[in-house]
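Coordinate-derived values only; no laboratory data. If you're wondering where the values come from, they're calculated on a predicted model, not measured in any experiment. Note that we place each Cβ from the backbone using ideal geometry, even for glycine, and neighbour counts take in every protein chain shown.
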Amino acid sequence: MNRIDQLTITSDHLREASQLARSCVTSGTRTRVLVTRAAMLAIREYLEDYYGLQTGDGRAMRPEFAELLDLADFEAGDWRVELRLIADQGDQRLRVPTMPLLVGATADIYLAIALDRRLSRVELLGFARQSDLATAELSENGLFAILPRTSLRPAVSLIELLAGPRPIDDWRIDFTETWQQDALRLVDHLACLIEQGSGSELNGDEILRVVEVVRDEVWRIYGDRMPATGLTPLLKRLFTQFGLATPVPTLCDDPLLFRNSVEERRVVSRQDIQEAFLRDQLHPGERIALYRHLLEDRAAFAQFRQRRRVLDHLTQGRHQAPAAQLTRQEHRQARDEDQLESVTARHPELVDTPQTPIPDDGVAQPVLTVLPDAAAQIDLELFEDQYHQILTSLQAWFPGLQIEPGGDVIEHGRVIGSYFAQMELNGIPIRLVDVAKPRSQQVRETLASEMDVLSLDLDRRDQSLELIRLAFQC
């Protein structure tokens, strides 16, 4: 029997996960969904087979939640469980993104997991409930709530929790059945007063706007009366840090806890809002409003998805940076996660490569070509012939990429091998090691203590290029 903290990921799990991953429009999302979905299937199978728990798909099965909010959740019993991958062995802290929380996509349990490099095993490191996040440390940019591993509940106690009932949110039922009716009656009375009184100078659209603003405020007032949840202290800290207004609550059957106010709907109606998002030029309030809009409006999300698909192909994912600048430690962890998620070493057939077409939905698929003068920017005479095509391709894809010849690697006073190239882009240095060279593993381990290292396998050229692109895209 598998241990609860050491579960096997099978080829069937990977195969099923790849079906969902291939439906995503960007390469980064496809690799992330492949990994988290495979781990999720292994965990769900274990809970069902050994403990008889009923599990089901979460919001992560919906493209808008997977692609916009990076959700990786599933349902177990009455509980909603969110997986969070910890890839940095030197920094084993649970990191919960705060943007989904502000949008209103919360979970009951946040489960920290780790994966081996071959994507054959998932380890359950521990979990946190909402109340545990109340005192979590916030990252400098506010984008992550962080708990050290020592603060997590042990994985062995997860089964007992999932087998029990989840507390019922009576207040949300009351809000739906009673408070909403009160709010509607109030705004109806207000509309009648405006139309009958001195407000008759307002036109129909202006009256509607006034009524909607009042309705939002009434809902906020009732929302203030709701009992505090485990996340309430954390959310209040985030509202203060980002300068956000108190959100408008939703009904009990809504997948989000919050909805856009009338003012936020005005923001997302701007024609330039999506372009600004794709260029990472939105402040948090605008970004949150856009997320909610795209999660609720399928037509708007479909249009947004098409544009994002085209931009991702044209720019190799460089059209959008993270929502805010990450610290160096966060930057390294994000890059490590993407390298892990490529899983090319064990199952390259499951990952889309640049030659694998994305399912056709009527959007023309742009093709990247190597610029004819790319080689002129590299002194190819300094490199062996077998590396020329890869180096010129990288130079074309990443303007400003600096590529220099490699050198010998010395350990304990003797040369143990070499790396064939060193590159740098936007302050990210990387050295390339050819796996076919002698002692390549020892070389990589020695270099890794000083600088980031990537392996190049000429027999798997496409997968190696994918790894390099992912490293620079973070």
If we count every other residue with Cβ under 13 angstrom of Gly52's Cβ, Lys/Arg +1 and Asp/Glu -1, where does the sum land? -2
How far, in nm, would the chain grow between Ile410 and Glu201 when pulled straight, counting 0.36 nm per residue and subtracting the alpha carbon separation? 67.0 nm
Taking loop as defined by DSSP and a crowding limit of 15 other beta carbons within 10 Å, which trypsin sites (Lys or Arg not before Pro) in region 86-135 fit? Arg117, Arg118
Full-extension gain in nm, Gln386 to Asp457, via 0.36 nm per residue minus C-alpha separation: 24.5 nm
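So what is the relative contact order of region 65-144, in percent, for Cα pairs below 8 Å that sit 6 or more residues apart?
Working: 101 pairs, mean separation 20.3, N = 80.
Averaging sequence separation for qualifying contacts and normalising by length gives 25 percent for region 65-144.
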Set the Förster radius R0 to 25 Å, insert the Cβ-Cβ distance between Arg209 and Thr240 as r into 1/(1 + (r/R0)^6), and round the FRET efficiency to 0.05. 0.35
